[in-house]
1. Would you mind ranking 192, 209, 161 so that the residue whose beta carbon has the fewest other beta carbons within 10 Å leads the list?
2. Taking neighbour counts of Cβ atoms within 10 Å as a proxy for exposure, in what order, fewest first, do 133, 154, 203, 95 appear?
3. Would you grab the residues whose amide H sits under 5 Å from the one on residue 190? Only those 5+ places off in sequence or on another chain, please, with H modelled 1.01 Å from N.
4. So who's got an amide H within less than 5 Å of the one on residue 200, skipping anything under 5 residues away but keeping other chains? H placed 1.01 Å off N, in plane.
Amino acid sequence: METAAKIRRLVLRDGHSIRSASRSTGLSRNTIKKYLKDSSPPHYRRSHVPVRHVLADYEDRLRLYYEQDLKRPRRERRTAVNLYEQLVEEGYSGSYSPVCRFVKSLKADGSQLLHAFIPLHFKAGDALQFDWSEEHVVLGGVEQKVKVAHFRLSHSRKAFIVAYPCESQEMVLSAFVRALSYYDGVPRRVIIDNPKTMVTYVSRSKDRIFHPRFLALMNHYVMTRRAARSSKTDCLHTSLRLGERAG
């Protein structure tokens, strides 16, 4: 389209001849005459009716087979080769490549489900989330490493943070007392990670043995404790990030 516009400017606006425009652009005179005659942008015209691919008659069936396999255990699902062989038995006369491309497109469409998530909703006063982070601060002109205790109410998202020199047992207890004092209330349960100051043992079956002093703290405030299964399955690590807190 830009070439056509350039030719029309050379001849119709600047007064160049068709021969001169042909020499400067390298195009034939006939091509230049076509551009001068037709002001619409060039477009492609199909010379023949497109041929319907052989797989088109089997796409619905192939899609059905693929959806059926998704309900089966992973080891029992058919590969693209297996699906191709199935179609051949049913009369498909095309090659394997279109079947493979179609199966890949189905997988690509289904991969969007991997990005789905389950939204978490909490009632007011239901849960308090807690985790530690490591930060670097400058105290008296000297850069030092400190541990920051992060608290966040799951319903209101109201945050509270307090810094300590380390993550000792005393710091954990102090952080909880100060956080509950700040919130001026006690939630029903506390969601934590698995630090050794709170969880002394995690079995293969994911059963936890909590630290006696941490249990005493929970019993004193009559709160239920809940330890995260992993960083991927709980909201602790994502909701207590400094970046989210800043947002």
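1. 209, 161, 192
2. Lowest count first: 203, 95, 133, 154.
3. So residue 190 has HN proximity to 128, 224, 225, 226.
4. Residues meeting the amide H criterion: 209, 210, 211.
Throughout, read-outs are computed from the coordinates displayed, never taken from laboratory work. As the structure is a computational prediction, the values presented were derived from the model and not from experiment. Virtual Cβ from ideal backbone geometry, glycine too; neighbours counted across all protein chains shown.
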